[in-house]
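For reference, the structure discussed in these notes is given below.
The values are calculated or read from the model by the stated rules, or taken from the named source; none is laboratory data. Source: prediction; values computed, not measured. Cβ atoms come from the backbone with ideal geometry, glycine included; neighbour counts cover every protein chain shown.
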């Protein structure tokens, strides 16, 4: 087939069909230098398996950890990561940018 | 986000219809609408004029964004039709370029009437059309989300491909060949009635000036030139013929 590599949405549909419970994180805003553009997505299942990315790997761990809550509660979360963030030393962006992420359940 | 929205986005994508998913960040509510919905007055949920303006701009610039409305922040997630690369010539450079383009999110179509070249074994994972480019390209919608890369070096194949590309509106047209080859090609195309302004739309010699040697490096310089053109950057191209 001519298709480009599988999209995050195709993964999401396949995982959903397997009965896995899912959350999806989307980069909704960026300031300064950010490795992934607005609209980039990270798909996470209840076991912490993931596909895609929302940064250069800097904040994925934190987003995946929070995805478990989002899947359990069904409530979306807005997350901001950046160098000025208190948690920057743990999950800051090495590139010096700031990103805002919307993390929501997929159902 | 709802699975039904994902299914709808996939269906629109397949039909190359631009679509946007709106998410109201406070409530988590979402709505999906196509660019055509926006133009018609048949919207299920009426949107404020400011939101309609923002949507139009988001589609045009292919940029997803957060806007503030009366109902709080709204994230506009634009899904324009997938990028596509039509490669004419299942040659060595095409073998390197096709997987690169796929990784960058392009659908890849390779056209080559020479069946010895256009084989599944040589070009795995792409749509192969073993027909003459003018016929094959008439069937593919060469739209502003499409790049056309012409690589055979053979005027019998390259020239009709370029004429077909110039009649359409791809965002990028590039043709392999030295400056001398391209100057001769321009002569032939002029004789077919192609205007100077159309000839100027062809990136030739193809690729950015990165000192590329060999098929793989040339493929990188072509991919980079396609990206720069899509993003509206003026990166250093190889010198055009006088």
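Couple of notes before you dig in:
- Every condition in (1) assigned by TED's automatic domain parsing to the domain that holds residue B:154; (2) assigned to a loop (DSSP other than H, G, I, E, B); (3) surrounded by fewer than 17 Cβ atoms within 10 Å (Cβ to Cβ) holds for residue B:190 except the one numbered (2).
- The lone criterion from (1) more than 12 Å from chain A (Cβ to nearest Cβ); (2) within 25 Å of the chain's Cα centre (by Cα); (3) surrounded by fewer than 21 Cβ atoms within 10 Å (Cβ to Cβ); (4) assigned to a helix (DSSP H, G or I) left unmet by residue B:119 is number (4).
- Among residues of segment B:194-220, those that are over 21 Å from the mean Cα position of the chain (by Cα) and buried (at least 17 other Cβ atoms within 10 Å of the Cβ), counted: 2
- Neighbours by Cβ (under 7 Å, 6+ apart or cross-chain): first from segment B:222-236, in the same structural domain as residue B:172 (by TED's automatic domain parsing) and within 19 Å of residue B:99 (Cα to Cα); second modelled with pLDDT of 95 or more and part of a helix (DSSP H, G or I): B:222/B:97; B:223/B:97; B:223/B:100; B:223/B:101
- Residue match in segment B:34-45 (condition: outside the structural domain of residue B:160 (by TED's automatic domain parsing) and closer than 18 Å to residue B:147 by Cα): no
- Selection status of residue B:160, out of contact with any strand residue (DSSP E or B) (no Cβ under 6 Å at 6 or more places or on another chain) and either modelled with pLDDT of 95 or more or buried (at least 20 other Cβ atoms within 10 Å of the Cβ) (or both): yes
- The set of residues in segment B:221-240 that are crowded, with 17+ Cβ neighbours inside 10 Å and in contact with a helix residue (DSSP H, G or I) (Cβ under 7 Å, 6 or more places away or on another chain) comprises B:222, B:223, B:237.
- Per-region count, segment B:100-112, residues in contact with a helix residue (DSSP H, G or I) (Cβ under 9 Å, 6 or more places away or on another chain) and surrounded by fewer than 21 Cβ atoms within 10 Å (Cβ to Cβ): 2
- Check on residue B:137, more than 10 Å from every other protein chain (Cβ to nearest Cβ), closer than 23 Å to residue B:232 by Cβ and under 19 Å from the mean Cα position of the chain (by Cα): no
- Residue match in segment B:107-121 (condition: touching a strand residue (DSSP E or B) at 6+ places or on another chain (Cβ under 6 Å), modelled with pLDDT under 95 and farther than 25 Å from residue A:37 by Cβ): yes
- Among residues of segment B:14-29, those that are more than 22 Å from residue B:54 (Cβ to Cβ) and either in contact with a helix residue (DSSP H, G or I) (Cβ under 8 Å, 6 or more places away or on another chain) or more than 11 Å from chain A (Cβ to nearest Cβ) (or both), counted: 2
- Filter pass, residue B:180 being touching a residue at least 60 places away in the same chain (Cβ under 8 Å), assigned by TED's automatic domain parsing to the domain that holds residue B:113 and over 15 Å from the mean Cα position of the chain (by Cα): yes
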